[in-house]
Amino acid sequence: MQFGVFYQLPCGEEQSVSARYDDTIAQARLADELGFDNVWLAELHFNKRFSIMPAPLMVGSAIAAATQKIKIGTAVNLVPLHHPIRLAEETATLDLLSHGRAVFGIGRGSNPRHFLGYNLDMEEGRDSFQEAVDLIIKAWTSDEVTHKGKYFQVGGVSVEPKPQQKPHPPIYVAANSPDTFGLVGRMGHSVLVAPMISTIEGAQAGLKEFRRNQSDGQVTGKVNINVPIFVAENRKKALDGFEGSINNYLGTLRAASHGRGMARANMLNYDLVDADFAAIGDPEECADKLRQIKQMYGADEFMCWFNTGGMVPGDEVSKSMRLFAEKVIPQFR
Amino acid sequence: MEFGVFYQLPCDEDQTPQQRYADTIAQSQLADALGFDSVWLAELHFHPTFSITPSPLLLASAIAQTTKNIRLGTAVNLMPLHHPIRLAEEIATLDIISGGRAVFGIGRGIIPSHFEGFGVSMEEGRQRFDECIRLIVEAWTKDELDFQGEYYQIHDVGIAPKPMQKPHPPIHVAATGADTFELVGSMGYNLLVAPVIAGNEPAIEGAKVYREKLAQGGHDPDKGKLSVTLPIYVSENRRENERVLEETINSYIKSVHVMMTSPAANRAAAVNPRIALVQAGLAKLNYQQVIQDNTVIGTPEECVDRINYFQGLFGAQEYSGWFNIGGRLPHETVTKSMKLFAEKVMPKFR
């Protein structure tokens, strides 16, 4: 069982942008020391309260310089907002700078504001996803790339440098909508699932599609489940410590007034998040909850979201991460 | 006077990208400790023997973690190959994670294969370039964009984060052709020049035109900063110099020739006078000419004289040392030369 730490990096009016970045890099360093397997960094745009991290690969490079072993993944790069050749180059560069620790996490994007800000058509963008991913893999694995597709034309160039990992860094695709789950299964990649957004039923039905669509009948990719986590000495402390931050997360989604997240946030509250999607409590309670979640989805990996909402102070996040690494992770290894 | 270090980062068959990156990060750390003012990183694609830095902003993010004071500049981001909104976000991110040390260097691009690889036309030229810079500055300085350009129409969104430097990081534009020197001056930005690429005479003439256009455009000519990139090599041993440099400069020239005589380059030169001019200039590039015209090579005393000579020609505010043009010098040779330069040459100009 693998455990990663996830960052979306919201920044409230009273928080400092620099401090949020500094905390993230410091916590990634701590996660590396504590033996977490991955740090996952989101790409999100145009909404400071929700995230100030439009360029996760740059934060990944900074983290690479500050850590030794931890793998560095995007969760996720929004493929339609990138030129595939540049995304191939950047991920290869991160792989080299980190000596083979890059993980390529990608998504199709579902937030209309992202496409608006990039002056792009959302339907076209989502449609171009598979061509873009195929082109990226070609760029990593072929000496010379020539491509005449529906969306991209590349005239005979060597895309360099190549990644350190051969044939290329592992690929994870985020899935929310049912058609994406099936697509990821057909492509043979690993899948990133956030049940809090896709609902329990949606995630379970989607994973069924993911498994049913494997081309050789056997599941080759991993199933990674995102879980908000707060560990403390007792459940009351943990519940009190997380409430404001989770409510900030839900409130920010509701205020955004667009996209899938808003519709979902309107159906959620702290009690529901605690009951169905998060692991909040003392180490034993958290371990029990994770065993339950693992079973519900057939999870191979967890993406631990220690600061959903971004309002938990840095020292409390570190404390929760330490308790988790010392008392919860060993139960799964 | 300020001093920088410049990296184009070629990687030959017998070198590894990992080692080339590691050396660059270590040398940037040394440059920071020695008191250099900036490190400049090129963006170049598709020709590993010429360069393996398609993503200088990732490399700069790693360098930001291991340095304290040195400024981190791109020399240059190739504007036509980027989405301006993403570039604005990325430079802002670098500015934040470096504590306000980002410098935004941009250029129009002169290597035809870059445009074929990204499926972008080389012909759109200065109008698009001008629009992209204005869009980026607006993205950095306004809460919500209200931008109605010919190429981009973006309203009601604002980027986050904004840069730490206010109103925004310094903007430097690279010029090789006469029209670009004019453009940079009339827009009021800082200027980057590499005489190895532009040629001494065109670069000197270009710098003059740049200053005239600054004044004509109502900009304060004293605020327009000129940064000149020159290959630099310092050694106490007089005879060592040229012998050590011959291999690496020839390696550079060879990689330029391969790139600028590619089928893509020939196709572009046939229809684009700007490219034809660059191609013709670079075809004449040879070791003797580079050594005589465009370099600072010698003992510390000779290098001081040489910088005084260039200063007479350019009147620049910054010289950026290309301490490993061609990339063939071993790491230890480069650091020795950088240390001598910082200890015995730089103090004469401070």
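What GluC sites (Glu not before Pro) does segment B:188-238 have in DSSP loop regions with at most 14 other beta carbons within 10 Å? It would help to have the intermediate numbers written out before the result.
Working: sites: B:Glu205, B:Glu212, B:Glu236; in loops: B:Glu236.
Those satisfying the criteria are B:Glu236.
Beyond a 22 Å Cα-Cα separation, which of these cross-linked pairs lie in this structure: B:Lys166/B:Lys339; A:Lys69/B:Lys162; B:Lys223/B:Lys339; A:Lys166/A:Lys222; B:Lys254/B:Lys284; A:Lys222/A:Lys294? Write out the running numbers ahead of the final one.
Working: B:Lys166/B:Lys339 33 Å; A:Lys69/B:Lys162 31 Å; B:Lys223/B:Lys339 30 Å; A:Lys166/A:Lys222 18 Å; B:Lys254/B:Lys284 12 Å; A:Lys222/A:Lys294 12 Å.
Exceeds cut-off: B:Lys166/B:Lys339; A:Lys69/B:Lys162; B:Lys223/B:Lys339.
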Response to the item:
Interface call, segment B:54-82: threshold 30 Å², probe 1.4 Å, accessible heavy-atom surface of protein chains, chain by itself vs complex, result B:Pro54, B:Ser55, B:Leu58, B:Ser61, B:Ala62, B:Gln65
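With every protein chain left in place, what is the accessible area per residue of segment A:2-332 in square angstrom, probe 1.4 Å? The partial results should precede the final answer.
Details: 11900 Å² over 331 residues.
Per-residue accessible area for segment A:2-332 comes out at 36 Å².
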Worksheet entry | segment A:159-200 pair-distance distribution - Cα-Cα, 5 Å bins, rounded % | 6, 20, 23, 18, 13, 10, 8, 3, 1
Practice prompt. May I ask for the accessible area buried between chains B and A, both sides summed, probe 1.4 Å, to the nearest 100 Å²?
Written response: 3800
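State which helices in chain A qualify, where a helix is a whole DSSP H run, it must extend 20 Å or more along its own axis by its Cα atoms, and its mean Kyte-Doolittle hydropathy must be at least 1.6.
Working: long enough: A:17-34 (26 Å, -0.32); A:235-256 (31 Å, -0.49); A:283-297 (21 Å, -1.21).
Length and hydropathy pass: none found.
Could you check how many percent of all C-alpha pairs in segment A:129-288 are farther apart than 24 Å? Can you show the working numbers first?
Working: 6723 of 12720 pairs.
Counting every Cα pair in segment A:129-288, those more than 24 Å apart make up 53 percent.
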Response to the item:
For chain B, the per residue accessible area (1.4 Å probe, Å²) is 36
Worksheet entry | trypsin sites (Lys or Arg not before Pro) restricted to DSSP loop in segment B:205-239 with at most 14 other C-beta within 10 Å | B:Lys223, B:Arg238, B:Arg239
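Express the Stokes-Einstein translational diffusion coefficient of the protein assembly as shown in µm² s⁻¹, to the nearest whole number, given a Kirkwood radius over alpha-carbon pairs, 37 °C and a viscosity of 0.692 mPa s.
126
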Worksheet item: Across bins of 10 angstrom width beginning at 0, how are the C-alpha pair distances of segment A:261-306 distributed, in whole percent?
Response: 23, 51, 25, 1
Worksheet item: If you roll a 1.4 Å probe over chain A with all protein chains in place, what percent of the accessible area is carbon or sulfur?
Response: 48
Worksheet item: Membrane-span-like helices in chain B: DSSP H runs reaching 27 Å or more (Cα, own axis), mean Kyte hydropathy at least -0.5?
Response: B:240-260
Item to complete: Provide Rg over Rh for segment A:2-332; use the alpha carbon set for both Rg and the Kirkwood Rh (inverse mean inverse pair distance).
Response: 0.95
Discussion item. Pick from A:Gly117, A:Gly105, A:Gly281 the residue whose mean-square fluctuation is largest in a GNM of chain A, springs joining Cα atoms under 10 Å.
Written reply: A:Gly117
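Can you tell me, using C-alpha contacts under 8 Å and at least 6 residues apart, the relative contact order of chain A as a whole percent? Please report the intermediate quantities before stating the final value.
Numbers: 628 pairs, mean separation 58.3, N = 333.
Worked out over chain A, it gives 18 percent.
Based on the Kirkwood radius over alpha-carbon pairs, what is the Stokes-Einstein translational diffusion coefficient of chain B at 20 °C with 1.002 mPa s viscosity, in µm²/s?
Diffusion coefficient, whole number: 105 µm²/s.
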Worksheet item: At what distance in angstrom do the alpha carbon centres of segment A:100-164 and segment B:294-345 lie from each other?
Response: 41
Item to complete: Calculate the spin-label point distance for A:Met262 paired with B:Ala178, positioning each point 7 Å from the Cα along the beta-carbon direction, and give it in nanometres.
Response: 5.5
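The values are calculated or read from the model by the stated rules, or taken from the named source; none is laboratory data. Small disclaimer: the values here were computed from a predicted structure and weren't measured. Heads up, the Cβs are rebuilt from the backbone with ideal geometry, glycines too, and the neighbour counts pull from every protein chain shown. Remember, those area values only see protein heavy atoms, side chains included, never the ligands or the DNA or RNA. Shrake-Rupley method; radii C 1.70, N 1.55, O 1.52, S 1.80 Å.
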